[in-house]
1. Restricting attention to the range 1-19, does a residue exist that is assigned to a helix (DSSP H, G or I), acidic (Asp, Glu) and in contact with a strand residue (DSSP E or B) (Cβ under 9 Å, 6 or more places away or on another chain)?
2. SER32 versus (1) surrounded by fewer than 17 Cβ atoms within 10 Å (Cβ to Cβ); (2) polar (S, T, N, Q); (3) within 21 Å of the chain's Cα centre (by Cα): which is the lone unmet condition?
3. Which condition breaks for LYS91 when tested against (1) over 21 Å from GLY17 (Cβ atoms); (2) in contact with a Gly (Cβ under 8 Å, 6 or more places away or on another chain); (3) not in a loop (DSSP other than H, G, I, E, B)?
4. Working only within the range 68-88, note down all residues that are aliphatic (A, V, I, L, M) and surrounded by fewer than 17 Cβ atoms within 10 Å (Cβ to Cβ).
5. Say we look at the range 36-85 and pick out the residues that are in a loop (DSSP other than H, G, I, E, B) and charged (D, E, K, R); which of these is nearest to LYS5 (Cα to Cα)?
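Only the coordinates and a few stated rules stand behind these numbers; no lab work does. For clarity, every value in this text was computed on a predicted model and none was experimentally measured. Every residue, glycine among them, receives a Cβ derived from its backbone with ideal geometry; neighbour counts consider all protein chains shown.
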Amino acid sequence: ASKEKKEDVKGSEAAIGSCHCCGGMLQRIPESARRCGTCGARYHAYDCGNRRSQAGFTNFDQCPRCAEMCMCTGGPMVCHTRSLRDSRREKRQNTGGSSSGLSTMEGSRSSSRTDAEKGAGPTRTTSEEV
């Protein structure tokens with residue numbers, strides 16, 4: 001089941017969001033922005049961060065995902081997207097899951113509100129008495 005190849009989008013029309021390779025904003029240099037017609041990845045058409053040339057990639061106009069240059073597709077280059085995924089996975093493993101982290105945060109918020117409400121009650125009573 002191969003993906004249908006559509007025409008790549010170049011220039012300001014593709015300059016939305018961030019680069020798959022470096023994470024930089026594509027709108028800063030819109031003439032170098034690309035959006036792959038096959039996989040939809042957005043990237044710079046130059047060697048941003050020197051990652052692609054270090055991995056042996058020479059055609060910077062070609063999508064790094066479709067060319068299987070980045071680790072997302074089994075290639076040697078660590079792209080920004082892969083770095084983020086790995087970082088998020090590591091954080092989830094270290095915290096024991098995101099749902100337990102939210103429960104802890106919600107619990108501390110509700111107890112803080114309760115403490116504040118308790119503190120506000122006597123202050124009102126005192127001000128009414130004076």
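1. Within the range 1-19 (the criterion being assigned to a helix (DSSP H, G or I), acidic (Asp, Glu) and in contact with a strand residue (DSSP E or B) (Cβ under 9 Å, 6 or more places away or on another chain)), the answer is yes, since at least one residue qualifies.
2. For SER32, the exception is condition (1).
3. Among (1) over 21 Å from GLY17 (Cβ atoms); (2) in contact with a Gly (Cβ under 8 Å, 6 or more places away or on another chain); (3) not in a loop (DSSP other than H, G, I, E, B), LYS91 violates only (2).
4. Across the range 68-88, the qualifying residue is only LEU84.
5. ARG65
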